[in-house]
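Working notes, structure below.
The values are calculated or read from the model by the stated rules, or taken from the named source; none is laboratory data. Everything numeric in this text was worked out from a predicted model, so none of it was measured. FYI the Cβ positions are ideal-geometry reconstructions off the backbone, even for glycines, and counts take in every protein chain you see.
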Amino acid sequence: MVFGQQTKEQWIQRDPQLKKIVDLEPIVWLNPKQKAIKDTHLPLSRTDMEEAEALWLRFAPYLAEVFPATQETGGIVESPFRLIPEMKKALSSYFETHIQGELYLKCDNELAIAGSVKARGGVYEVLHHAEQLALSAGLITKDDNYKAFADETFKQFFSQYAIGVGSTGNLGLSIGIISAELGFDVSVYMSADAKPWKKELLREKGATVHEVDGDFGKAIANGREETLQTPNAYFVDDEKSRNLFLGYSVAAFRLQKQLKDENIAIDKEHPLFVYLPCGVGGAPGGITFGLKQVFGDNVHCFFVEPTHSPAVLLGLMTGLKEKICVQDFGIDNCTEGDGLAVGRPSSFASAFSEQLVSGVYTLEDNELFELLALLADSEEIYVEPSAAAGLCGPHKILQSGYCEENGINAEKAVHIVWATGGALVPKEDMENFYEKGKGLLK
Ligand SMILES: *Cc1c(COP(=O)(O)O)cnc(C)c1O
């Protein structure tokens, strides 16, 4: 087979790191195409992010009304930001190394509504769609109180419209939960590897679950096809969505405020390093785009993927982006990091990440469980396996030569590991994850 005028063998010969990827060895790849922010050409700007934030604010009274978990924050869906010094100690002894700088966790595992980072992108895209429909129908103006979206008349109005999404799990949960709450007729197309509890929870919330025989790419293809055949239907397309991406990007404004509240400066002397678990690249890409708008070249973002699902890594390394998938290189896309079990990168997000991401590293599934258990023991924070992937980032990147190559002094670095999910995982599943990790650490 030929990809981009070369066979798999020619690609591997040209790039020894590709051979390691194909052999499923963990690697750290630094992005040679990363640009200074002033040299980037991006199809979105800070103004788009500000508009996205304004939409979230219009919907805040509605969200506070229908999701009691967001009442305390006045309907703002945001997660805490925590210093995790005990985990830093645990990592230092696990890797037998000194980690320069401070270590923080961005706890999207606690996000309301969906219990994962998907509460940002997924909820945003559905709210955006609902607003468009309500505005066109003359049901509301942007100056009205959006609490009205909780009224029966709105629910009846939205029941004429369908929403579809393809998902390995977490995106389906976020789209399903918010769509059903608004009154939409929502269908979630789930890949074979999606966990049964996710399907049950969705059905309980009023979504229709379609089980697709195949992986995430197949679930998307199937969902897209069936949704497009349904009248009045809208498909949330994880492989190319602008609105998911914008929903994620708003995290940067929120984080900026949290850092300020804690008197944490980000500048040349105090560089910010962010470690983001990556599936199609939408969530990490959107957050990276947002952070770059806010912190410019003082923020360094790294994505992390399982060795069995290095979709974005392959897309960026080869430059072929969404035109290539892990299966093209004989990689099976089988991982227990279910939020990351993605074979093909998002076309929309890859165009940004190509210019903005500092690098991508991969890790083995066993390490996900070990890191999960270390975090639980040291900080009593429980995250899902995917969400633990960023925890080894500071060690891997500090060792990679990135700082030396870029003239960065990491002595006063601020490391933020993005914990992308966990809150909705049933207790028993979480106990099994933990026990698995503990067993491996022995
Ligand atoms: C979806 C997801 C990610 C990655 O998001 P993408 O947009 O697919 O890159 C990371 N972690 C968890 C827990 C997720 O559910």
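Out of S116, S92, report the one residue that is within 20 Å of I177 (Cα to Cα) and in contact with a helix residue (DSSP H, G or I) (Cβ under 9 Å, 6 or more places away or on another chain).
Going through S116, S92 in turn, the sole match is S116.
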Open item on the list: Against the definition (at pLDDT 95 or above, within 16 Å of the ligand (Cβ to nearest atom) and not assigned by TED's automatic domain parsing to the domain that holds D193), how does L313 come out, yes or no?
Closed with: yes
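Give segment 267-285 a look and list any residue that's near the ligand (Cβ under 8 Å from one of its atoms) and in a strand (DSSP E or B), or say none. Show your work before the answer.
Initial filter on segment 267-285 (near the ligand (Cβ under 8 Å from one of its atoms)): 276-285.
Within segment 267-285, L276, P277 qualify.
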Open item on the list: Residue pairs, Cβ under 8 Å, 6 or more apart or interchain, first in segment 340-367 and over 22 Å from Y402 (Cβ atoms), second assigned to a helix (DSSP H, G or I) and among the β-branched types (V, I, T). List them.
Closed with: G343/V326; R344/V326
TODO: Could you please give the count of residues in segment 339-367 that are within 11 Å of the ligand (Cβ to nearest atom) and either more than 16 Å from the chain's Cα centre (by Cα) or surrounded by fewer than 21 Cβ atoms within 10 Å (Cβ to Cβ) (or both)?
DONE: 0
Task: Top-ranked residue in segment 392-442 [being among the hydroxyl-bearing types (S, T, Y) and under 23 Å from K118 (Cβ atoms); ranked as nearest to the ligand (Cβ to nearest atom)] - done: T420
Open item on the list: Just to be sure before I move on: is L133 closer than 22 Å to G176 by Cα and either surrounded by fewer than 21 Cβ atoms within 10 Å (Cβ to Cβ) or in contact with a strand residue (DSSP E or B) (Cβ under 7 Å, 6 or more places away or on another chain) (or both) in the structure I sent?
Closed with: yes
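Table: residues versus (1) modelled with pLDDT of 95 or more; (2) part of a helix (DSSP H, G or I); (3) not polar (S, T, N, Q).
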residue: I163; (1), (2), (3): yes, no, yes
residue: G176; (1), (2), (3): yes, yes, yes
residue: S179; (1), (2), (3): yes, yes, no
residue: A194; (1), (2), (3): no, no, yes
residue: E204; (1), (2), (3): yes, yes, yes
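A quick yes/no check of all residues on (1) farther than 25 Å from D39 by Cα; (2) in contact with a His (Cβ under 6 Å, 6 or more places away or on another chain); (3) assigned to a helix (DSSP H, G or I):
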| position | (1), (2), (3) |
| --- | --- |
| I287 | no, no, yes |
| G296 | no, no, yes |
| F303 | no, no, no |
| S309 | yes, no, no |
| V312 | no, no, yes |
| G315 | no, no, yes |
| E336 | yes, no, no |
- [ ] Could you look through segment 375-387, keep only residues that are touching a residue at least 60 places away in the same chain (Cβ under 8 Å) and crowded, with 24+ Cβ neighbours inside 10 Å, and pick out the one that is farthest from the ligand (Cβ to nearest atom)?
- [x] L375
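State whether the residues of segment 150-160 include one that is outside the structural domain of D332 (by TED's automatic domain parsing), of a type in the set (V, I, T) and closer than 25 Å to T420 by Cα.
No, because not a single residue in segment 150-160 is outside the structural domain of D332 (by TED's automatic domain parsing), of a type in the set (V, I, T) and closer than 25 Å to T420 by Cα.
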Task: Residue match in segment 97-107 (condition: within 30 Å of E384 (Cβ to Cβ), within 19 Å of the chain's Cα centre (by Cα), away from the ligand (no atom under 16 Å from the Cβ) and not charged (D, E, K, R)) - done: yes
Open item on the list: Checking E72 against (1) within 16 Å of G290 (Cα to Cα); (2) modelled with pLDDT under 95: exactly one of these is not met. Which one?
Closed with: (1)
TODO: For R120, indicate whether it is basic (K, R), closer than 30 Å to C107 by Cβ and more than 16 Å from the ligand (Cβ to nearest atom).
DONE: no
- [ ] Pick out the one residue from A64, A36, A52 that is farther than 16 Å from K147 by Cβ, surrounded by 15 or more Cβ atoms within 10 Å (Cβ to Cβ), small (G, A, S) and modelled with pLDDT of 95 or more.
- [x] A52
